[in-house]
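The values are calculated or read from the model by the stated rules, or taken from the named source; none is laboratory data. All figures in this text were calculated on a predicted structure; none of them were measured in a lab. Note that each Cβ is placed from the backbone with ideal geometry, even for glycine, and that neighbours are counted across all protein chains shown.
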Amino acid sequence: MTLNIELNPDLEAKLRSRAAAAGKDPEAFALEAVAEKLSRQETFDEILAPLRREVRESGMSETELNSLLESALAESRRERKLSDETAAHFLAQAVSCAEALPEPPKAFSLPRDPDDEPYLNLAIAGGAEYLVTWNERHLNYLMRRDTPEGKEFCARHPDLKIVTPPEFLEEVRRKLATEKGDSQRE
C-alpha cells in the first residue's frame, strides 16, 4: 500500500531530524514509527473504550449499571479475591460512561429463552465486544459451535463474546498485564 500524507513544516522538520539521528531516510523512519504504533498493546482507556461505548448505547440507567457492576464485582471478589480498590476503580470507570439507548431492533431470536433476547439484541445493536452475564444456561451456549444456535450466532456475530463476569475481568487483567509488561520493557 502506498500512503501519501501532508506534514506541517514543524512535523516534517522533526521527522527529518529524528530520521537523520537514527541514520535513516525519513520514509523508512516513518514506516518504522507506524509499525511500532500499530504493534503496541492497547492502553487501559483503549480497552475500556468499547465498554464505555456499549454502556452509553445500552440504555441502562446509572443506578442499573451500578447495581449490575456491583453484583458482578462482588461475585468476582468472592471467586477471585479481587481487591476492593481494583473493584472500585473498575466500577468508577464503567459508571463514568453510562448513557440511555432506546430499545434496540431484534437482531437474533432466542427460542430457548425469549426473555434474554433484549439483552442479546442490545449488545448486537451497540456493537458490543462482550456480553457479560452469569446466565450460562441461556446465553453462553451461543458461544459453542457444536449447537445449531451457536453455529448461527458465531457466524452472524463473530465479534461478540458472551462471557461470565470473572471471564471478562480475566480478559481485562490479561490485557492490562500485557500492557504493563510492554511498558516496563520500553
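For the reader, a short list of remarks on this structure follows.
The rows are residues; the columns are (1) at pLDDT below 80; (2) of a type in the set (Asp, Glu); (3) outside any helix (DSSP H, G or I).
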| position | (1), (2), (3) |
| --- | --- |
| 2 | no, no, yes |
| 15 | no, no, no |
| 37 | yes, no, no |
| 48 | yes, no, no |
| 97 | yes, no, yes |
| 100 | yes, no, yes |
| 108 | no, no, yes |
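- Of all residue pairs spaced 6 or more apart or on separate chains, those with beta-carbon atoms under 9 Å, a first member in region 139-162 that is over 18 Å from residue 113 (Cβ atoms) and a second member that is among the acidic types (Asp, Glu) and not in a helix (DSSP H, G or I) are 159/129; 161/129.
- Leading residue by the ranking (modelled with the lowest pLDDT) among those in region 139-186 that are in a loop (DSSP other than H, G, I, E, B) and among the acidic types (Asp, Glu): 186
- Within region 1-43, restricting attention to residues that are under 30 Å from residue 175 (Cα atoms) and among the hydroxyl-bearing types (Ser, Thr, Tyr), the residue that is surrounded by the fewest Cβ atoms within 10 Å (Cβ to Cβ) is 39.
- Criterion violated by residue 136 - all others in (1) modelled with pLDDT of 75 or more; (2) under 19 Å from residue 166 (Cα atoms); (3) part of a loop (DSSP other than H, G, I, E, B); (4) not aromatic (Phe, Trp, Tyr) satisfied: (1)
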